[in-house]
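The values are calculated or read from the model by the stated rules, or taken from the named source; none is laboratory data. Quick caveat, the model's predicted, so the values are computed rather than measured. Cβ atoms come from the backbone with ideal geometry, glycine included; neighbour counts cover every protein chain shown.
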2 protein chains.
Amino acid sequence: MSVQDEKTLPMGMFMDLERSGPIPLYFQVSQRIEKAILSGELPAGSRLENEVALGQRLGLSRPTVRRAIQEIVDKGLLVRRRGIGTQVVHGQVTRKVELTSLYDDLTNTHKVPSTHLLTLESQPADAKTAERLGVDEGSPTLHLRRVRLADDVPVAVMENWLPEDFIGIEPHDLVEHGLYQVLRSRGVTMRVARQHIGARKSTNEESALLEIEKNSALLTMDRTAFDNSGRAVEFGQHCYRPDLYSFEVTLVEK
Amino acid sequence: MSVQDEKTLPMGMFMDLERSGPIPLYFQVSQRIEKAILSGELPAGSRLENEVALGQRLGLSRPTVRRAIQEIVDKGLLVRRRGIGTQVVHGQVTRKVELTSLYDDLTNTHKVPSTHLLTLESQPADAKTAERLGVDEGSPTLHLRRVRLADDVPVAVMENWLPEDFIGIEPHDLVEHGLYQVLRSRGVTMRVARQHIGARKSTNEESALLEIEKNSALLTMDRTAFDNSGRAVEFGQHCYRPDLYSFEVTLVEK
DNA sequence: GACCTGATATTGTCATGACAACTGGCCAAA
DNA sequence: TTTGGCCAGTTGTCATGACAATATCAGGTC
C-alpha cells in the first residue's frame, strides 16, 4: 500500500481572476486554494494539480502559481515534495490555522469583547522600558493598563508602554477599539513583533482583576512590536487566564 | 530629522559564492547578510544596497537576490518598504532570533542536557491520541514519558505518543539523543508542527519530578508534528518549569 | 524473486525582462 | 510660504524559459 493512494482532484474552480484589480494574482489564487482546503473540497491527503498544469489552466505563469502555493505551505496546510507533488496535510485539525493573531480577532469568535481601562498616563521610561523601546531612560512614555473581557468575563491584564509621540491617545479610543486598531488609525502599521511566552503565579491584585483564586497559574506574554520603519512602537507585558486563553503556533521547517 | 538618516553601507563582502556546490545561491547570500547583521557589520537602521545593484555586484539575477533578502525579512531582521529600500530593524535585541526551535537546541546553550526515561511502552491509543495521530482508536502506539534536565536540573516533563511503526525504539537512543534526533536517524524529517501553549498548576507528581513546590505554575505545550508526507508522527504533551524555560516567537505581518 | 537501470513526473533553483506602485525630494506656480 | 506636480529611485508583481534534483514506476537482467 503506497503512502499517497489518494487521487488528484480536478479542482473545478478559479474561473474568475481579476487581472486588473489591486489584489495580486498569486494572492487571489492562494485564497481560493486555502478556502478549498478549509471547506473540505480538498480533503486531507489529496494531491494538488502540479504547478505547470495549474498555471496553464488558469492562464498564469509558473512563478505566480508557485508563489500562491508557497503562501499556503508557509501556513502549514500544504506539503510539497520534489518528484512527488503537493499534498494537503493529513490531520483533520485543518481549522483555526492562523498564526498567533494579535489578540483582537481571537476574542471575536462568538464572544463580545470589552475593555476596562485602569491606567492611562504619561510616565518616564525606566531602564527596562527604555531598552525595549529604544529610547533614552527617563524620556516620557505613554503607560496604559487594561483588563480585557470576553462576554464580561475577564481574560487578560495588559500593561503597555508607547513612545512619547503617542501621548494624546484618548481613553475613549482604547475602550472602543483596542490598541492595535488605534495605532493603525494613526498611520502606524505593525510589521515585526518579538514575543516571549511564559508562566508564573498570579499576584493578589491580578487574581482580583481576573476573578480567579490567589496564587493561580498565569500565562504571560511579553512583546515588543516594530512598525514598518523598524522603530519600536509598543512594549507590553500581558498575562492571561490559562483556562480561557492559549496560544496557537504553527511551525514549518525550512 | 528624518526617520532614516542612516547611510547605506558598502558591504564589501560576498566575494566567494560557490556556484557549483549543492547549497543554493540565495541561501548562501542570505546567510552572509544575516551574519553581517548579527555581527553588527550592518547596524540597526542601516540601509541595504538595492536589489538590482546587489545582484549586479554579485553576478546574480534579481529574483535570486530578492529571495535571499526575503528569507531574512521572514525572520524579522530586515524590513522592506516600496519606494524606500530595505533596512535593518531597529531594536538592539538582534540576537537569538530563531523561531521557536524544537527544544534540543535551546538547552544546548552552555548547558549540559540529559534525560531520565520514565516510561517506554506499547499502549493502545485512547480517543484523544487516536484523533491527534490520525489512527484508529485502540491501535497500538508507542508511549513514552521523559524528564529533561539541563545541568542536572529538571526543566521539563515530556509525554509523547508515536504511531506503531516506531515501536522498537531503544531506551538507549532516547537517553542519548532526544526524540527528534532519533526520528531523523530513522529517515523521518519533520515538516509541520502545530503547538498550543498554555499554563496550569502542577500536580503533586510533576512537582516532585521538577523539584518545585506543590501547586506551582507550569508552562504547558501540546504539539502534533507531521512529516514531509503530511502524516502525523508524534503527539506530545509537555510541561516546563517557567523559571527555567520560555518560548520565543517572532511574528512578521504579511 | 531480487536488483539494477532507465524513463517519466514533479518540484527546486536560477536567469532575463518588463511594467506597476509607492516614496521622497526638487521645482515651479499660486 | 505653501501647494501642487513632475521625476528618479526602489520594491512589488508577473511572464517566459531553462536546467537540476528527486521520487515513482516499469522493465529487463541476473
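Going residue by residue through the stretch B:78-91, is there one that turns out to be within 16 Å of DNA strand C (Cβ to nearest atom), small (Gly, Ala, Ser), farther than 30 Å from B:Leu209 by Cα and at pLDDT 75 or above? Yes, because at least one residue in the stretch B:78-91 is within 16 Å of DNA strand C (Cβ to nearest atom), small (Gly, Ala, Ser), farther than 30 Å from B:Leu209 by Cα and at pLDDT 75 or above.
Only a single item in (1) more than 9 Å from chain B (Cβ to nearest Cβ); (2) crowded, with 18+ Cβ neighbours inside 10 Å is not met by A:Ala208, and it is number (2). Taking the numbered list (1) part of a strand (DSSP E or B); (2) in the same structural domain as A:Thr129 (by TED's automatic domain parsing) in turn, A:Arg184 passes all entries but (1). The numbered conditions (1) within 11 Å of chain B (Cβ to nearest Cβ); (2) near DNA strand D (Cβ under 9 Å from one of its atoms) are all true for A:Leu78 except (2).
When B:Ser229 is tested against the conditions (1) free of Cβ contacts under 8 Å to residues at least 12 places away in the same chain; (2) within 11 Å of another protein chain (Cβ to nearest Cβ); (3) exposed (fewer than 14 other Cβ atoms within 10 Å of the Cβ), the lone failure is (3). B:Asn160 fulfils the conditions (1) polar (S, T, N, Q); (2) touching a residue at least 24 places away in the same chain (Cβ under 8 Å); (3) closer than 18 Å to B:Ser229 by Cα except for a single criterion, (3).
Taking the criterion of being at the interface with another protein chain (Cβ under 9 Å from one of its Cβ atoms) and surrounded by fewer than 17 Cβ atoms within 10 Å (Cβ to Cβ), the residues of the stretch B:177-199 that qualify are B:Thr189, B:His196. Scanning the stretch B:219-246 for residues that are part of a strand (DSSP E or B) and among the aliphatic types (A, V, I, L, M) yields B:Leu219, B:Met221, B:Ala225, B:Ala232, B:Val233. Residues in the stretch B:117-144 that are more than 26 Å from the chain's Cα centre (by Cα), touching a residue at least 12 places away in the same chain (Cβ under 8 Å) and outside any strand (DSSP E or B): B:Ala125, B:Val135, B:Glu137, B:Gly138, B:Ser139.
Scanning the stretch A:18-75 for residues that are of a type in the set (A, V, I, L, M, F, W, C), away from DNA strand D (no atom under 15 Å from the Cβ), within 14 Å of another protein chain (Cβ to nearest Cβ) and part of a helix (DSSP H, G or I) gives A:Ile37, A:Val73.
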